[in-house]
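Reading through the structure tokens given below for one structure.
Since every read-out is calculated from the coordinates, none of them should be taken as a lab result. Bear in mind the structure is a predicted one, so any value in this text is a computation, not a measurement. Cβ: placed from backbone, ideal geometry, glycine included. Neighbour counts: every protein chain shown.
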Amino acid sequence: MIQQIIFILISGAAFFFAFRQFAKIRQTINLGKDHTPTGDASERWKNVALVAFGQKKMFKRWIPAVLHGFIYVAFLFTQIELIEILIDGIFGVHRFFATKIGFLYPVIINTIEILSFLALVGTVIFLIRRNLIKLPRLHKSEMKGWPTKDANIILILEILLVSAIFTMNGTDVVLQSIDPAHFPDTGPLAISSWLGPALFGGLSESTLLFLERAGWWVHILTVFAFLNYLPVSKHLHILLAFPNVYFAKSKSRGEMDNMPEIMNEVKSMMGLIPESEVDMEAELPEFGANDVMELDWVNVLNAFTCTECGRCTDVCPANTTGKKLSPRKVMMDIRDRATEIQANIDLGKIDCKKDADKPLTKENYSDGKSLFDYITKEEIHACTTCNACVEACPVMINPLEPILAMRRYEILSESAGPSDWVPMFTSIENSGSVWQLPDSREDWIQE
Amino acid sequence: MAQHAAEGTKPEVLFWVGCAGSFDARAQKVTKAFVKILNAADIDFAILGNEESCTGDPARRAGNEFVFQMTAIQNIETLNGYDIKNIVTACPHCFNTLKNEYPALGGNYNVIHHTQYLNQLFTDGKLSVQGGAFKGRKVTYHDSCYLGRANGIYEVPRELLKQLDIELVEMKRCKTNGLCCGAGGAQMFKEDEPGDKRINTERVEEALGTGADVVAANCPFCITMLSDGIKAEEKQDEVAIYDISELIIQSM
Ligand code: SF4
Ligand code: SF4
């Protein structure tokens, strides 16, 4: 009974705090501008099925795809076991499903056992790749400190989780022969049927009972810890990958979003639409983005979904030739800046108000900093708009879009930007060509 | 085009020459090669000549939406004025902007890249080659970002190359994983940011690694970048960079 009450209290707290953190993330993502998803809904669902659920884009690189696949599928299946643990914990029963679903039970438990073992293999190899082989894409400058620690913490939690599962199942198998009344027969288990007796055979019943409970508790507590750790970790992708893929803009990759305000102004300047249709008095908004509030919320969702895997940076022509630009860093910076703004808003910092008389909201926010304090101009200037990062990202993040939005801010709102570009701009404006040339466009015909 | 309009006739297709194709000495050769092929295939085409302006691609990607809108809207006025339906261009940047970005501004055309157009001419039997000049030679193909990843066209240019009986050797980074030449996003018009290496050097090294003596491309800016890279490696006498249309005209 006491165990049940403790369990209910702990689960309640775990879900409550996790829910609060997820709500906060939702709010932070909404710092971004409104944006209505365009394009075909069936196309989006297809992406969710293939890219998010089916991990299609991971298979550009086979080895990590297979290893990650083990952990992913194990994660999916373990959810069934977690439901059982919750039922057992709340009602004080043991292996609730064992007697309820007949032959399916051993099938499910065996599947989980095999997948857990494969996940363990994957986890160990990932730890080795990260820490011993030191894969270059996992050791770029933006990965120093917390991001590297974050990745290792989760891998170690995974090992803890799998060990708990095998302790729980292994002792259970041994106990089934000692006390069949309380430990219903699960049938032969792929791993625990031999690992259990090998490790725990010959132990006293009380030790076995203790170990079985320990395995059970460590398992569920690790899951709760994981749930509450997700929101501050790159592992948030296991949840956000799904909405992120759904909301990914479905348009041609070569197309930049149109800016209707500027289009209409130019059209009215050229006398193509009557001036009455354009409100010339209206204060022109700032163009482009110098902060999270001017990005689309999809861009911010992208940032929170980023797994920091570095596939984008690994193929970025600017980064691989030693330039400072790293598309992964762009996404991480957007996330960190958004988190900073939301934290200041939550604290109600008065010195972050634009207008001291109004409440502190995202519209009334100014802390004297901007996204340019995180992402330098040198970085955004190096982008060739090649779309390699967009193509490479396994969860359909688009790092190119915020880069271009920041370029627009720099040129349109600050009238700054690389001076090399100025002759190109004036030349297009004056002579309709990227180069200031006196010749006619038809001279090549002469020969 | 003005001539067609005066005569009240309509060409089958408008050839959008682009800034590079009009003014850049190297790209002019591609323009001429393509025009010769069109003439050989007896295609009734037109150009806008001095009525054509930059599509605005580099200005837009640099962030200058005003300049983009001005030149784009002017082009759309011209194109709509002549009631143009079909456009072919030898530049993937022009192709992308005309095809994907002009519709939002009121310019809707059927736009195709010259590699697609040439492939169609082969399929329709309007074009054939003797397969002489490059027969059996090792050729590698460089995917431009704006034809490839931006618009998903990878196989058409390769099919075209097959017509020439060449031996196609792929670089390690090709198709969806193709490496940029370094020119896009208005990089063509500015100095590189500080780094260890130029992007075109990286790409040229990869191309040289295939042992090919011809690099086939589909974009005037790629051609400039790769040619510069080859010169920097002092290999210009051993390896040639050609647009696919130039390979075809040399085989006809
Ligand atoms: S689009 Fe820009 S950031 Fe992305 S890979 Fe290409 S150069 Fe790098
Ligand atoms: S943007 Fe995508 S590819 Fe790049 S690090 Fe994040 S998840 Fe990986």
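A simple rule links phi to the HN-Hα coupling: the Karplus curve 6.51 cos²θ - 1.76 cosθ + 1.60 with θ = phi - 60°, which for segment A:378-385 gives 4, 5, 5, 5, 7, 6, 9, 6 Hz, with x for Gly and Pro. Along the Cα-to-Cβ line of A:ASN344, 7 Å from the Cα, sits a label point; which residues in segment A:372-386 have backbone N less than 20 Å from it? Once the point is set 7 Å along Cα→Cβ of A:ASN344, A:372-377 turn out to lie under 20 Å by backbone N, inside segment A:372-386. An oblate overall shape is assigned to segment A:1-117, the ratio a/c of its alpha-carbon gyration tensor axes (a ≥ b ≥ c) being 1.5 or greater and a/b not exceeding b/c.
Nothing charged except the Cβ atoms of Lys and Arg (+1) and of Asp and Glu (-1): what's the magnitude of the dipole of chain B about its Cα centre? Round to the nearest 20 debye. Write down the numbers at each step before the final one.
Values: 25 positive and 34 negative charges, 69 e Å.
Result for chain B is approximately 340 debye, rounded to the nearest 20.
Neighbour counting of Cβ atoms within 10 Å sorts the residues B:PHE15, A:PHE117, A:PHE16, B:PHE95, fewest neighbours leading, into A:PHE16, A:PHE117, B:PHE15, B:PHE95. Under the classification rounded if a/c is under 1.5, otherwise prolate if a/b is larger than b/c and oblate if not, where does chain B fall, given a ≥ b ≥ c as square roots of the Cα gyration tensor eigenvalues? In terms of gyration-tensor shape, oblate. Partnerless cysteines in chain B, where a partner means another cysteine C-beta under 4.7 angstrom, comprise B:CYS19, B:CYS54, B:CYS174.
For chain A, the longest principal axis of the Cα atoms and the long axis of helix A:205-229 meet at an angle of about 10 degrees. Modelled this way, with points 7 Å down the Cα-to-C-beta line, the labels at A:VAL422 and B:SER128 are 5.9 nm from one another. For A:ASP296, nonlocal amide neighbours, meaning residues 5 or more places apart or on other chains whose placed amide H falls under 5 Å from its own, are A:LYS33.
For the segment B:86-98, counting C-beta atoms of other chains within 10 Å of every residue's C-beta and taking the mean gives 1. For the residues of B:21-30, the average number of beta carbons from a partner chain within 10 Å of their own beta carbon is 3.
Of the GluC sites (Glu not before Pro) found in segment B:112-196, those in coil by DSSP whose Cβ has at most 10 other Cβ atoms within 10 Å are B:GLU191. Projecting the Cα atoms of A:ASN264, A:ILE156, A:HIS237 onto the dipole axis of the protein assembly as shown, where Lys and Arg carry +1 and Asp and Glu carry -1 at the beta carbon, places A:ILE156 farthest toward the positive end. Among A:ILE108, A:CYS306, A:CYS386, which residue has its Cα furthest toward the positive end of the charge dipole of chain A, with +1 on Lys/Arg Cβ and -1 on Asp/Glu Cβ? Most positive-ward Cα: A:ILE108. Applying 1/(1 + (r/R0)^6) with R0 = 22 Å to the Cβ-Cβ distance of B:GLU12 and A:SER252 gives a FRET efficiency near 0.30. Annotation: amide H-H contacts under 5 Å for B:ALA240 (H modelled 1.01 Å from N, sequence separation of 5 or more, or interchain): B:VAL214, B:VAL215.
In chain B, Cα pairs under 8 Å separated by at least six residues give a relative contact order of 20 percent. Label sites at A:SER268 and B:LYS36, each approximated as a point 7 angstrom past Cα along Cα to Cβ, lie 5.2 nm apart. Estimated from the Cβ-Cβ distance and a Förster radius of 25 angstrom, the FRET efficiency linking A:THR207 and A:ILE156 is about 0.45.
Potential lengthening of the chain between A:LEU199 and A:LEU132 amounts to 21.2 nm, from the contour at 0.36 nm per residue minus the alpha-carbon distance.
Helix A:421-431 axis versus longest C-alpha principal axis of chain A: approximately 50°, rounded to the nearest ten.
For a straight C-alpha distance cut-off of 22 angstrom, the lysines reachable from A:LYS56 (same-chain residues fewer than eight places away being disregarded) are A:LYS46, A:LYS234, A:LYS249, A:LYS251, B:LYS172, B:LYS175.
Entry note: chain A has Rg to Rh equal to 1.09, where both radii use alpha-carbon atoms and Rh is the Kirkwood radius. Taking every C-alpha pair closer than 8 Å and separated by at least 6 residues, the mean separation divided by the residue count of segment A:260-446 gives a relative contact order of 25 percent. Rounded to the nearest 10 degrees, the angle from helix A:237-247 to the longest Cα principal axis of chain A is 40 degrees. With 24 Å as the limit on Cα-Cα distance, the pairs of A:LYS140/A:LYS377; A:LYS24/A:LYS140; A:LYS267/B:LYS85; A:LYS377/B:LYS99 that go past it are A:LYS24/A:LYS140; A:LYS377/B:LYS99. Relative contact order, whole percent, for chain A stands at 20, derived from Cα pairs under 8 Å and 6 or more residues apart. Among the cysteines of chain A, those with no neighbouring cysteine Cβ under 4.7 Å are A:CYS306, A:CYS309, A:CYS316, A:CYS352, A:CYS383, A:CYS393. The distance between label points at B:LYS135 and B:THR78 comes to 4.3 nm (points 7 Å beyond Cα on the Cα→Cβ vector).
Is the shape of segment A:260-446 rounded, prolate or oblate, going by the alpha carbon gyration tensor and its root eigenvalues a ≥ b ≥ c, with a/c under 1.5 for rounded and a/b larger than b/c for prolate? Present the calculation step by step, with values, prior to reporting the outcome.
Working: a/c = 2.34, a/b = 1.25, b/c = 1.87.
Here segment A:260-446 falls in the oblate category.
Per Stokes-Einstein, at 4 °C and 1.567 mPa s, what whole-number D in µm² s⁻¹ belongs to segment B:2-119, with the Kirkwood radius over Cα pairs as the hydrodynamic radius? Each step should come with its number before you reach the end.
Values: Rh = 14.5 Å.
After rounding, the answer is 89 µm²/s.
If only the Cβ of Lys and Arg carry +1 and only the Cβ of Asp and Glu carry -1, the dipole of chain A around its Cα centre is close to 1800 debye.
So how strong a dipole does segment A:1-156 carry about its Cα centre when Lys and Arg Cβ are +1 and Asp and Glu Cβ are -1, to the nearest 20 debye? Before the final figure, lay out the partial values.
Values: 19 positive and 9 negative charges, 171 e Å.
Value, rounded to 20: 820 debye.
Here B:LYS29 is the anchor, and the lysines within straight C-alpha reach of less than 20 Å, apart from those fewer than 8 places off in the same chain, are B:LYS231.
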